[in-house]
Amino acid sequence: MAVLTKNDIMRRVAEGNLAFTPPLDSFQLHDHVVDLRLGFTFLIPKTWRLTTKGRETMTITHFNKPGLQYFDVVELEEGQYFELLPGEYVIVATLEKVKVPNDLMGVMYPRSSTNRKGLSLDLTGIVDCGYEGALALPVRNNTGAQIVRLYPGERICQLTFELLTEPVLNPRKHKYHKKDIVEGVGKEKDAEVKLVLKGAIKTLKEKFPAK
């Protein structure tokens, strides 16, 4: 796959083929990568909840749809910051919403300056072709004792664009497609989940062959 350069990216932006909202600034553009900025929305995992049975821990598996009831949502305002505690894990939104055409895919990487603060970005890596919306970034403070202060608007990760061998006619829609990260939480594929929870992997393979 070929990686788009700065000129390729800006040409596509000018044509409306690739879009960033709000628009990119000069600090974000590099020879073959775009820096994305931290947004204002933070999802903090809850550890317990009060039920009719009493105080129960918030147990999460990959398939039990950890929706908004599993998180505290923090929406910062301009001029505010977020202090990430040692060992704490949160999900944050990018400031930019991106619109990716059907002949490109994006690949996300943490910035080296982010890593030097003791932060890890557990990035899924891939931004699907045809995707439109903000990106969700799982962030963890790996330090043993230091609080890391995060400011909305700071550059936090990098995005490259790779050209596909052919355009995808009907791109799959990611759970965050045209949503913010709050709306996208907990969206999974019900048919797959039900079969996996039953251990019916053979049935899953037979019922949903790759096409």
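The values are calculated or read from the model by the stated rules, or taken from the named source; none is laboratory data. All of these numbers come straight from a predicted model, not from anything done at the bench. Reconstructed Cβ throughout: ideal geometry from the backbone, glycine too, with neighbour counts over all protein chains shown.
Filtering segment 81-113 down to residues that are charged (D, E, K, R), out of contact with any Gly (no Cβ under 6 Å at 6 or more places or on another chain) and in contact (Cβ under 8 Å) with a residue 60 or more places away in the chain, which residue is nearest to residue 156 (Cα to Cα)? Give the steps one after another, and end with the answer.
Keep residues of segment 81-113 that are charged (D, E, K, R), which gives 83, 88, 96-97, 99, 103, 111.
Then keep just the ones that are out of contact with any Gly (no Cβ under 6 Å at 6 or more places or on another chain); that gives 83, 88, 96, 99, 103, 111.
In the following step, the residues that additionally are in contact (Cβ under 8 Å) with a residue 60 or more places away in the chain were identified as 83, 96, 99, 103, 111.
Details: 83: 15, 96: 12, 99: 19, 103: 26, 111: 6 Å.
Of everything passing the filter in segment 81-113, 111 is nearest to residue 156 (Cα to Cα).
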Worksheet item: Residue check: is residue 78 touching a residue at least 60 places away in the same chain (Cβ under 8 Å) and assigned to a loop (DSSP other than H, G, I, E, B)?
Response: yes
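So, residue 78, is that one acidic (Asp, Glu), closer than 30 Å to residue 195 by Cβ and at pLDDT below 95 or not? Walk me through how you get there before you give the answer.
Values: acidic (Asp, Glu): yes; closer than 30 Å to residue 195 by Cβ: no; at pLDDT below 95: yes.
So residue 78 does not fit the description; no.
Among the residues of segment 143-158, which ones are of a type in the set (A, V, I, L, M), surrounded by 13 or more Cβ atoms within 10 Å (Cβ to Cβ) and over 22 Å from residue 18 (Cβ atoms)?
As a first pass, look at segment 143-158 and keep what is of a type in the set (A, V, I, L, M): 145, 147-148, 150, 156.
Filter once more, keeping what is surrounded by 13 or more Cβ atoms within 10 Å (Cβ to Cβ): 148, 150, 156.
Answer for segment 143-158, where residues must be of a type in the set (A, V, I, L, M), surrounded by 13 or more Cβ atoms within 10 Å (Cβ to Cβ) and over 22 Å from residue 18 (Cβ atoms): 148, 150.
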Discussion item. Any residue at all in segment 104-111 that's at pLDDT 90 or above and touching a Pro at 6+ places or on another chain (Cβ under 7 Å)?
Written reply: no
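Tell me, which strands (runs of 3 or more DSSP E) lie completely within segment 102-153 with 3 or more residues that are under 16 Å from the mean Cα position of the chain (by Cα)?
Qualifying strands (runs of 3 or more DSSP E): 104-110, 119-121, 132-141.
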Item to complete: Within segment 88-104, identify whether any single residue is within 15 Å of residue 149 (Cα to Cα), of a type in the set (Asp, Glu) and surrounded by 14 or more Cβ atoms within 10 Å (Cβ to Cβ), and answer yes or no.
Response: yes
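Residue-wise test of (1) touching a strand residue (DSSP E or B) at 6+ places or on another chain (Cβ under 9 Å); (2) at pLDDT below 80; (3) surrounded by 14 or more Cβ atoms within 10 Å (Cβ to Cβ); (4) closer than 28 Å to residue 110 by Cβ.
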residue: 141; (1), (2), (3), (4): yes, no, yes, yes
residue: 160; (1), (2), (3), (4): yes, no, yes, yes
residue: 165; (1), (2), (3), (4): no, no, no, yes
residue: 171; (1), (2), (3), (4): no, yes, yes, yes
residue: 181; (1), (2), (3), (4): yes, yes, yes, yes
residue: 205; (1), (2), (3), (4): no, no, no, no
Item to complete: For segment 114-130, name all the residues that are touching a residue at least 12 places away in the same chain (Cβ under 8 Å), on the phi < 0 side of the Ramachandran plot and out of contact with any strand residue (DSSP E or B) (no Cβ under 7 Å at 6 or more places or on another chain).
Response: 124
